[in-house]
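Working notes for the structure below.
The values are calculated or read from the model by the stated rules, or taken from the named source; none is laboratory data. Bear in mind the structure is a predicted one, so any value in this text is a computation, not a measurement. With ideal geometry, Cβ positions are generated from the backbone for all residues, glycine too; neighbour counts draw on all protein chains shown. Only protein heavy atoms, including side chains, enter the accessible area calculation; ligands, DNA and RNA are left aside. Shrake-Rupley method; radii C 1.70, N 1.55, O 1.52, S 1.80 Å.
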Amino acid sequence: MPKKRPLAIVLAGALCLVTAGCAESSTETASSKASASTSTSESGYPVTIENCGQTETFTKAPSRVVVMNGASVGEVSTLLALGLGDRIVSNQQSYGMSEVPGRAKAIKALPTGDVTPNDAFDIPREAMFGLRPDLVLSTTSYGFEAKNGFATREQLKGVKANSFVSPQGCDQENSGMTIADSYTFLRDMGKVFNVSDRAEKLIADSEKSIAAVSAKVKGEKKPKVMLLFANMAMGGNEFSSVVAKGIYNDIIDKAGGVNAFENASKTSFADLSKEEVAATDVDVLVVISYNADDPTAYAKQLLKEFPQWPAAKNNTYTVLSDSIYLGPSNDLAVDRIARMLHPDAF
């Protein structure tokens with residue numbers, strides 16, 4: 001097996017993902033508990049958001065946005081999809097690849113603010129203040145904890161900066177996340193930046209695409225899917241980065257499949273032995289890349305290691321990155337997986 005890397009940063013961020021032109025659904029062309037928004041003026045402001053126990057009021061569209069790492073690209077991808085890349089003064093998110101043409105390149109081109117991350121893999125408090133943000137986005141509340149060396153939400157208010165925790169990030173456990181949370185985040189950012197028309201267009205296009213795919217596979221037998229992260233370990237066993245719950249399962253369900261290990265854990269990830277993995281029929285393998293060096297090679301190695309899997313016998317695997325997480329492109333993951341599960345339907 002390839003050498004595995006620690007996943008502390010992923011645990012900390014509770015994993016949850018264009019050009020800066022006009023909005024789109026899946027290309028780089030121009031109800032969660034975390035938030036509920038209202039706007040009261042004709043211009044769209046002020047906008048007030050109740051977010052993880054904090055009240056955030058926006059009197060104008062943010063122009064100096066900081067995107068914390070959080071082991072995500074959901075936040076930065078959403079801003080780019082909404083055409084807001086020019087508002088970002090520091091972006092710490094990257095997966096190194098994307099299902100959306102041009103997105104990885106667009107993320108790489110964003111300013112970082114020349115920040116050196118601290119031992120908790122994100123922006124230290126004083127460096128954050130030096131960026132002079134008016135909005136700081138964090139995947140989970142972890143990014144605002146003082147014990148980690150980060151600026152708290154109260155401290156950010158003190159320098160006139162709003163803060164925002166993404167859907168399902170309040171408790172730092174995203175096992176209940178669904179595609180609807182991606183839409184919630186799009187809507188919230190649409191209201192914050194007064195671009196709700198763009199957000200609604202993205203949502204409508206995604207819903208239409210997913211509905212069309214689900215209609216094609218409706219009534220078909222649901223193959224078993226295994227999702228895991230490439231070359232990563234979270235626990236004591238060799239297969240501790242196997243996905244059990246979260247937005248991944250909603251995506252698999254809409255693609256006409258079922259997570260082979262959804263009952264292996266009550267939280268997002270299962271910590272499995274090699275024997276448990278070998279004893280489970282896997283029809284399709286989905287390897288998730290988080291800045292992995294060669295996720296395709298990792299997928300092929302797994303198929304070789306477990307030749308008894310139907311996935312190995314039929315060579316049915318795929319590698320995904322940002323489309324499988326919170327973000328504007330879940331429709332791409334649904335389509336990719338559905339075509340693997342039910343090729344005759346397309």
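Net charge near V115: determine it from the other residues with C-beta under 12 Å of the C-beta of V115, scoring Lys and Arg +1 and Asp and Glu -1.
Every neighbour counted, the sum reads -2.
Given only helices, namely DSSP H runs of n ≥ 4 each adding -39500 (n - 2.57), what is the per-residue ellipticity at 222 nm of the chain, to the nearest 500 deg cm²/dmol? Please report the intermediate quantities before stating the final value.
Details: 12 runs with 109 residues, N = 346.
One gets -9000 deg cm²/dmol as the mean residue ellipticity at 222 nm.
Please work out which option in (1) 16.4; (2) 18.9; (3) 25.8 gives mean projected area of the Cα convex hull in nm² calculated from these coordinates, and answer with its label.
(1)
Just the number please: accessible area per residue for the chain, 1.4 Å probe, all protein chains included, in Å².
The answer is 40 Å² per residue.
Please identify the chymotrypsin sites (Phe, Trp or Tyr not before Pro) of the range 262-328 that satisfy two criteria: DSSP loop assignment and at most 11 other Cβ atoms within 10 Å. Which are they?
none
How would K274, K105 rank on accessible area, largest to smallest, probe 1.4 Å? Don't skip to the answer; put the middle values down first.
Details: K274 85, K105 165 Å².
The residues order as K105, K274, largest area first.
Need the C-alpha centroid separation for the range 248-278 versus the range 303-322, integer Å.
One Cα centre to the other: 15 Å.
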